Amino acid sequence: MPTPTTDTTRTTKWETADVLTTPMEVCWSFDYEIGIEKLRGLYSKAKQNQWDAERDIDWSLPIDPSKPLIDEGQFIFNRLPIVQRLSESQREEFRAHIAAHLLSQFLHGEQGALMTSAALTHAVPDYEGKLYAATQTMDEARHVEVYQRYIDKLAIVYPLSPWLKELIDKTLTADHWVKIAIGMNMVVEGLALGAFHNMRRKTTCDLLRQVTVSVLRDESRHVAFGNVYVGESIAHMHPDEREDVADFAFQAVKLMSDAQGGPRGDGRRKPDPAFLGVLERVGIEPRDFLKDVLEAGAAGFRAQLPPGQIHSFKDLMMPALVRVGAITERSRELFAEAQIPVWEDVSMLESLEDASTGDLGLADAESLAR
Ligand SMILES: [Fe+2]
Ligand SMILES: [Fe+2]
């Protein structure tokens with residue numbers, strides 16, 4: 001972290017900045033032939049489907065402060081006895097702040113995606129890869145803008161969860177572009193794609209639904225990029241390099257898994273000061289809450305999501321990593337030791353990616369999630 005500058009001509013807000021040094025290589029490419037047609041397709045779609053957060057979202061739609069943003073029937077924490085014992089107004093306040101905490105993670109996570117996609121633009125060795133990554137950079141800029149505008153209306157923003165910051169920082173400071181694409185386009189965006197899809201289903205706010213649908217249209221393209229480009233690159237790697245990438249993929253998944261209480265969400269979670277703040281705000285004792293989560297976890301609390309919701313680990317992240325070869329025979333043992341199942345069913349992933357090549361074809365994904 002640099003020391004605050006005394007140069008008055010500089011306007012960097014050091015008190016809110018966090019500066020990282022990265023070992024990333026910057027790669028020119030003077031071969032302007034397009035070798036990967038599917039990547040050209042994603043680039044074309046990205047250009048055609050640009051939307052404007054200012055013009056294409058109806059910001060006049062009201063946010064009803066008396067209504068929590070998440071539908072009661074879709075709110076997973078309602079299953080916990082400790083939450084059921086709250087008064088109705090406490091439950092509503094809890095739902096409202098959980099939603100604000102989640103949306104804050106979307107906002108900060110989008111800024112991370114903006115920087116990783118810019119890094120990909122620098123580092124990928126192919127011309128069409130640079131063109132595609134530039135479109136993702138612009139997509140992510142709009143996503144930061146659109147969530148900032150929405151959160152501004154809520155007038156509450158929580159800090160980035162420490163584990164998500166750690167994961168994105170590891171991704172940003174990785175030494176190979178394939179690791180950046182794994183960390184962001186598969187692991188973080190796998191989680192985000194599931195969370196956005198679920199938010200679209202469970203929100204009671206028309207404005208938030210409009211925002212989420214617009215973002216989802218782009219995100220499915222970002223996940224598809226991982227499949228189109230990363231798989232081919234891993235296939236051409238020296239075996240040692242492939243194992244190095246597989247280690248990175250394992251560490252990224254493990255970090256996320258540990259933070260979320262294991263892939264099924266039934267283990268101990270890493271403490272998140274902002275989430276603890278939400279609990280305290282509505283008068284929930286964090287230790288009692290954790291006890292309820294652990295007990296409910298044993299009964300399949302997270303594994304059995306409300307109907308129509310997507311399980312990010314099982315449906316998106318793990319199948320995406322397997323499909324591109326980022327999980328090797330050797331690293332399967334690491335996953336087994338960590339008790340993280342290697343889910344391989346790509347049907348949900350593919351149905352969401354179809355949305356990246358056509359209009360917003362999310363109906364198939366919805367029917368699969370039912
Ligand atoms: Fe995004
Ligand atoms: Fe994205």
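The values are calculated or read from the model by the stated rules, or taken from the named source; none is laboratory data. Computed from a predicted structure; not experimentally measured. Every residue, glycine as well, gets a Cβ built from its backbone with ideal geometry; the counts of neighbours run over all protein chains shown. Protein only, heavy atoms only, side chains kept; ligands, DNA and RNA dropped before computing areas. Shrake-Rupley method; radii C 1.70, N 1.55, O 1.52, S 1.80 Å.
Points worth noting:
- Flag for residue 36 being more than 24 Å from the chain's Cα centre (by Cα), among the β-branched types (Val, Ile, Thr) and modelled with pLDDT of 85 or more: yes
- Of all residues in the range 124-144, one or more are in contact (Cβ under 8 Å) with a residue 24 or more places away in the chain, within 12 Å of ligand 2 (Cβ to nearest atom), within 15 Å of the chain's Cα centre (by Cα) and closer than 24 Å to residue 62 by Cβ.
- Any hit, the range 194-205, residues being modelled with pLDDT of 90 or more, away from ligand 1 (no atom under 13 Å from the Cβ) and either among the aliphatic types (A, V, I, L, M) or under 16 Å from residue 247 (Cα atoms) (or both): no
- Scanning the range 87-104 for residues that are open to solvent by less than 20 Å² (accessible area, probe 1.4 Å) and within 15 Å of ligand 1 (Cβ to nearest atom) returns 103, 104.
- Residues (under 24 Å from residue 251 (Cβ atoms), among the hydroxyl-bearing types (Ser, Thr, Tyr) and either part of a helix (DSSP H, G or I) or open to solvent by 40 Å² or more (accessible area, probe 1.4 Å) (or both)) located in the range 113-169: 116, 117
- Residues of the range 180-203 that turn out to be more than 15 Å from ligand 2 (Cβ to nearest atom) and crowded, with 24+ Cβ neighbours inside 10 Å, as a count: 0
- Single unsatisfied condition, residue 114 versus (1) within 16 Å of ligand 1 (Cβ to nearest atom); (2) closer than 19 Å to residue 293 by Cβ: (2)
- Residues that are of a type in the set (Asp, Glu) and away from ligand 1 (no atom under 13 Å from the Cβ) were ranked within the range 165-193; the one that is farthest from the chain's Cα centre (by Cα) is 175.
- Every pair of residues 6+ apart whose Cβ atoms lie under 6 Å, when the first sits in the range 164-182 and is modelled with pLDDT under 95 while the second is not in a loop (DSSP other than H, G, I, E, B): none
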